[in-house]
Amino acid sequence: MRVNPTLRRPLALGAAAVATSLLTALTIAAAPGEVAAEAAAAATSPFEIPGRGADVPFVEHEAETAATNGTKIGPGRRQGTLEGEASGRRAVTLIGQGKYVEFTLTEPANSIDLRYSVPDGNGGAGITAPLSLYLDGTKTGSLTLTSKYAWRYGGYPYANDPNQGKPHHLYDSTRALFGRTLAAGSKVKLQVDAGDTAPSYTIDLADFELVAPAATRPANSVSVTDHGATPNDGTNDNAAFDAAIAAAKSSGREVWIPAGRFTVTKHVTVDQVTVRGAGHWHSVVTGDRVGFYGLGEPSSCGQGGNSGVSTRVGLHDFAIIGEVTNRVDCDQTNAIGGALGGGSVISGMFLQHTKVGLWLDGPFSGLTIRHNKVVDQLADGMNLHRGISDVLIEHNLFRNISDDGIAFWSEHQADHGNTIRRNTVVVPMKANGIAIYGGRDNVATENVVADTQDQGGGIHVGNRFSSVPLSGTTTLSKNTGLDPGCWTPDTLGC
Ligand SMILES: [Ca+2]
Ligand SMILES: [Ca+2]
């Protein structure tokens, strides 16, 4: 659909891209008074729509509404442009020393999560450059910005090669703790100083959060450091994680990841075990090919893999940050994968720079995915792939995803009885905010989808990609779209 380019306009999402002739039944419900409520919400943040979208622990500030002496860009909707790929279709570009964006906090905060773009370089490998950070007028350091994980080129599945043209996925994000708490009314300024060497900086938004201190180690837990893991030193901790999990399982305890950055360069297999961190800002597991997988892990381009279904897995309160810079569909470079059923719970996680945040392969039943922040992925945010049932997905945020935000893909086996409620999907670079491909009796309710880009829309329901045809009742109710649809007639096409 085409929308007025002067405002980010909410729409009650209904039949966008719905293949009604293929449905046995599709329920699209609107609450009384919904139209008036939608009108009142015009041009608001995806996080400020009552009763819709994820409850999040931060306040989001758009750069275009902050104080600045930089250049405001947008609104615009063309994919591959900095304004088109920005939240709210607007951002601020800083070129030259002294240019800044200054945010005024509306709530106390001790952290920033910044969505930005810097130009590509080095033949697609990207550049890295600092940007100075001022807290209440005093320079306290700088954030490190990079284009290593951004800038995709050419057609699907895209490449890291500027020679292919058609650049998109121009943004990335970075986050930092301030080391102290700023009161409401405090100023957080990002400024180009001497030594801040990127040719330009485009600032889209910043999330400001009052992050709780690192949690303390639970009684009756097995720490990865008890088995040789060492934080913050870049040395490999693969064996320590496996040993801690084995020890925890054999003694009926939990695995504990204390605060720090741990290096893992493999898939950690989890089954009948809980792995808990001190909070995703504090406990970070990072490395090339890092992932936490249940049994039933598919092969990676013909190599490896296993069978089975993991049950009673808990993954809580830590970050998984990968090093994926190219999308290879046969490769298992996802943050969380395999088959995780039987009452498993994934909560409080931060997932970044992997191919897919959560790619789960069925058949299995019984999983809760709650209060996770999934950003900067090169394919889907999450995908329930075939034969998966009784999954509750709620209060998750997906941002800067390069394919469907939340997808159910009933390839050859039906996904059924799953619920997507109160989630927020912001700026998926391709495809849909929420997609239900085949299956039966799935529900999407009270979600918010904003600023979709290409080859899709807000919510899609259809029988695509060898899916088991839709049957039963698929319910879409009380969802909100902010600028859903796409508008790229002369770049990649819609
Ligand atoms: Ca913005
Ligand atoms: Ca280490």
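Note the full-extension length gain between Gln272 and Thr106 as 0.36 nm times their separation in residues minus their Cα-Cα distance, in nm to one decimal.
Values: separation 166, 0.36 × 166 = 59.76 nm, distance 4.25 nm.
Taking 0.36 nm per residue and subtracting the Cα distance, the gain is 55.5 nm.
About its Cα centre, region 58-209 has a charge dipole of approximately 280 debye under the convention of +1 per Lys or Arg Cβ and -1 per Asp or Glu Cβ, with nothing else charged. Counting neighbouring beta carbons within 10 Å and listing from fewest to most, the residues Thr480, Thr263, Thr230, Thr197 come out as Thr197, Thr230, Thr263, Thr480.
Suppose we keep just the DSSP beta bridges with both residues in the chain; what percent of those would be antiparallel, to 5? Counting only bridges with both partners in the chain, antiparallel ones make up about 35 percent. For the peptides 412-421, 368-377, 315-324, the ranking by packing is 368-377, 315-324, 412-421, with the highest mean count of neighbouring Cβ atoms within 10 Å listed first.
Just to verify a number: FRET efficiency for Ser299 and Asp161, C-beta to C-beta distance, R0 = 22 Å, to 0.05? List each step's numbers first, then the result.
Working: r = 26 Å, r/R0 = 1.20.
Once the sixth-power term is evaluated, E becomes 0.25.
Please go through the residue pairs Lys139/Lys187; Lys166/Lys430; Lys266/Lys355; Lys99/Lys166 and name each one whose alpha carbons sit more than 18 Å apart in this structure. Violating the 18 Å limit, Cα to Cα: Lys99/Lys166.
Calculated FRET efficiency, Lys72 and Asp136, Cβ-Cβ r, R0 22 Å, to nearest 0.05?
Numbers: r = 24 Å, r/R0 = 1.10.
Step by step, r from the Cβ atoms, then E = 0.35.
Descending by average beta-carbon neighbour count within 10 Å, the peptides 75-84, 464-473, 435-444 line up as 435-444, 75-84, 464-473, the highest first.
For Leu210, the shell of other residues with beta-carbons less than 13 Å away shows a net charge of -3, using +1 for Lys and Arg and -1 for Asp and Glu.
So for each of 356-365, 158-167 I average, over its residues, the number of other beta carbons within 10 Å; can you give me the resulting order with the highest mean first?
Details: 356-365: 25.3, 158-167: 15.6.
So the peptides 356-365, 158-167, ranked by packing, come out 356-365, 158-167.
The modelled label-to-label distance between Thr235 and Cys330, using points 7 Å beyond Cα along the C-beta direction, is 3.7 nm.
Extending 7 Å from Cα along the Cβ direction at Asp55 and again at Ala183 yields two label points whose distance is 2.8 nm. Counting neighbouring Cβ atoms within 10 Å and putting the fewest first, the residues Tyr116, Tyr156 line up as Tyr156, Tyr116.
May I ask you to compute the full-extension gain from Thr174 to Ala125, defined as 0.36 nm times their residue separation minus their alpha-carbon distance, rounded to one decimal in nm?
On the way: separation 49, 0.36 × 49 = 17.64 nm, distance 1.77 nm.
Extra length from Thr174 to Ala125 when fully extended: 15.9 nm.
Neighbours of Asp136, meaning other residues whose beta-carbon lies under 13 angstrom from its beta-carbon, give a summed charge of +3 when Lys and Arg score +1 and Asp and Glu score -1.
Neighbours of Phe364 by Cβ distance under 15 Å: Lys/Arg scored +1, Asp/Glu scored -1, total -4.
With charges only on Cβ, +1 for K and R and -1 for D and E, what is the dipole size of the chain about its Cα centre, in debye, rounded to 20? If you can, show how the numbers build up before the last one.
Numbers: 39 positive and 48 negative charges, 56 e Å.
Using only the charged Cβ atoms, the result is roughly 280 debye.
Annotation for region 299-326 versus region 345-407: alpha-carbon center distance of 12 Å.
Readers should treat all values here as calculations from the given coordinates under stated rules, not as data from a laboratory. This structure is a prediction, so every number in the text was calculated from the model and none was measured. No Cβ is skipped: glycine too gets one built from the backbone with ideal geometry, and neighbour counts run over all protein chains shown.
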